[in-house]
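Participant: Let me give you the structure first, and then I'll get to my questions.
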């Protein structure tokens, strides 16, 4: 598994202090579209070593979801050098997700 589970406890070390861009997948177990995006995010994690991929369960990490103003899930957020670089809401194609990272 190349994806990290991101929590408020490891957020700073894994995301804010990361030397690589980070793709965050905000999801929930009850969310149908999240289940469609998740395997695509896993594929990207396996295929693109230049980035770090983390998943944030919005039910368990409500504070992080609020910090990113996540209103709908799945929400994908790309963070570079500790700043939000790009984001998208809803089901995205693999190519669209890869474009977010660029």
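The numbers here are math on the coordinates, done by the rules we state, and not lab data. Note that the structure is a prediction, hence the values are computed from the model and not measured. Glycine gets a Cβ as well: all are built from the backbone with ideal geometry, and neighbour counts include every protein chain shown.
Participant: Quick check on the exposure proxy: order 69, 52, 35 from fewest to most C-beta atoms within 10 angstrom. Mind showing how you got there, number by number?
Facilitator: On the way: 69 10, 52 21, 35 14.
Listing 69, 52, 35 from fewest to most nearby Cβ atoms yields 69, 35, 52.
Participant: I want the antiparallel fraction of DSSP beta bridges within the chain, as a percent rounded to 5. Each step should come with its number before you reach the end.
Facilitator: Working: 11 of 20 bridges.
Around 55 percent antiparallel, to the nearest 5.
Participant: In a Gaussian network model over the chain where Cα atoms closer than 10 Å are linked, find which of 64, 23, 76 has the largest mean-square fluctuation.
Facilitator: Answer for the Gaussian network model of the chain: 64.
Participant: Let me ask another. Defining a contact as two alpha carbons under 8 Å apart and six or more residues distant in sequence, what relative contact order in percent does the chain show? List each step's numbers first, then the result.
Facilitator: Details: 170 pairs, mean separation 36.9, N = 102.
Over the chain, the number comes to 36 percent.
Participant: I need the shape label for the chain. Rule: rounded when a/c is under 1.5, else prolate if a/b > b/c, else oblate, with a, b, c from the alpha carbon gyration tensor.
Facilitator: Working: a/c = 1.40, a/b = 1.03, b/c = 1.37.
Rounded, since a/c falls under 1.5.
Participant: So what's the projected area for region 1-53, the Cα convex hull averaged over all directions, in nm²? Mind dumping the intermediate values first?
Facilitator: Numbers: hull surface 15.1 nm².
Approximately 3.8 nm², given one-decimal rounding.
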